[in-house]
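K.L.:
Mind looking over this structure? Questions follow.
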Amino acid sequence: MRPTGIDAGAVLPLRVVIGSRIEQIERAHARLTPILHGLWGDDSAVWPIELAVHEAVINAIEHSGGDGNPDATVEITLDIEDDELLIEISDQGPGFDPDIVPDPRLPEGVLRASGRGVLLMRTAVDSLEAAHGPQGRFTLTLRTKLPRSVAEGVPPHRGGFHGDQRA
């Protein structure tokens, strides 16, 4: 683990595990938001990233296989790699390919009740990746460049989870 210098309680990588239920979102938000604000400092710069994370967590909860399974979880990990913030959201659901999600701005998508989350994520971060990982978990990775002042002072990425901070 390495201190981030963001706030006294922030050590990266940070892993937050919540139950796969909508009411758990605020618990994750309360743990992640201070770190994001500590990295960017500017509310207007943090807001789009918070929105992207919120959308990704909502998707994970809605599609995670948590319905009827009280043990289903969503894991959110924040880490820094080189000059990027990595945000991984993993769940036990079947996953999806974000590259084939229809564009909700097209005529056939405008009246749909859902389907805008991936577009919001793509506009807020630099890249969006999806993969199936260990134990059948689906992981959506959001990457975004850190502010230059933060990136210049970040130690090299050491990788791996070092502890589990449950929300």
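The values are calculated or read from the model by the stated rules, or taken from the named source; none is laboratory data. Every value quoted in this text rests on a predicted model; they were computed, and no experiment measured them. Glycine gets a Cβ as well: all are built from the backbone with ideal geometry, and neighbour counts include every protein chain shown.
K.L.:
With polar (S, T, N, Q) and in contact with a Phe, Trp or Tyr (Cβ under 8 Å, 6 or more places away or on another chain) as the only criterion, which of T123, T73, T77, T141 stands out?
P.N.:
Values: T123 fails: in contact with a Phe, Trp or Tyr (Cβ under 8 Å, 6 or more places away or on another chain); T73 fails: in contact with a Phe, Trp or Tyr (Cβ under 8 Å, 6 or more places away or on another chain); T141 fails: in contact with a Phe, Trp or Tyr (Cβ under 8 Å, 6 or more places away or on another chain).
Testing whether each residue is polar (S, T, N, Q) and in contact with a Phe, Trp or Tyr (Cβ under 8 Å, 6 or more places away or on another chain) leaves just T77.
K.L.:
Can you pull out the residues in segment 39-82 that are of a type in the set (S, T, N, Q), surrounded by fewer than 15 Cβ atoms within 10 Å (Cβ to Cβ) and either part of a helix (DSSP H, G or I) or in contact with an Asp or Glu (Cβ under 8 Å, 6 or more places away or on another chain) (or both)? Walk me through it before giving the result.
P.N.:
Within segment 39-82, the subset of a type in the set (S, T, N, Q) is 44, 59, 64, 69, 73, 77.
Going one step further and asking which of them are surrounded by fewer than 15 Cβ atoms within 10 Å (Cβ to Cβ), we end up with 44, 69.
Correct list: S44 only.
K.L.:
Same structure, new question: Against the conditions (1) touching a Gly at 6+ places or on another chain (Cβ under 9 Å); (2) at pLDDT 80 or above; (3) within 23 Å of I22 (Cβ to Cβ), where does R112 fall short? Just the number, please.
P.N.:
Checking R112 against (1) touching a Gly at 6+ places or on another chain (Cβ under 9 Å); (2) at pLDDT 80 or above; (3) within 23 Å of I22 (Cβ to Cβ), the one that fails is (1).
K.L.:
Could you check how many residues of segment 87-111 are surrounded by 11 or more Cβ atoms within 10 Å (Cβ to Cβ), part of a loop (DSSP other than H, G, I, E, B) and charged (D, E, K, R)? Steps first, please.
P.N.:
Taking segment 87-111 as the starting set, the residues that turn out to be surrounded by 11 or more Cβ atoms within 10 Å (Cβ to Cβ) are 87-96, 98, 101-104, 109.
Those still in the list that are part of a loop (DSSP other than H, G, I, E, B) too: 92-96, 101-104, 109.
Remaining after also requiring charged (D, E, K, R): 103.
Count: 1.
K.L.:
Still on this structure, please answer the following. Are there any pairs with C-beta distances below 9 angstrom linking a residue in segment 90-103 that is without any contact (Cβ under 8 Å) to a residue 60 or more places away in the chain to a residue that is surrounded by fewer than 17 Cβ atoms within 10 Å (Cβ to Cβ) and part of a helix (DSSP H, G or I), with the two at least 6 apart or on different chains, and if so which?
P.N.:
Once the first residue is without any contact (Cβ under 8 Å) to a residue 60 or more places away in the chain and sits in segment 90-103, its partners that are surrounded by fewer than 17 Cβ atoms within 10 Å (Cβ to Cβ) and part of a helix (DSSP H, G or I) give G93/E62; P98/R122.
K.L.:
So is G115 out of contact with any strand residue (DSSP E or B) (no Cβ under 8 Å at 6 or more places or on another chain), free of Cβ contacts under 8 Å to residues at least 40 places away in the same chain and either basic (K, R) or at positive phi (or both) or not?
P.N.:
On the way: out of contact with any strand residue (DSSP E or B) (no Cβ under 8 Å at 6 or more places or on another chain): yes; free of Cβ contacts under 8 Å to residues at least 40 places away in the same chain: yes; either basic (K, R) or at positive phi (or both): yes.
Here the answer is yes, as G115 does meet what is asked.
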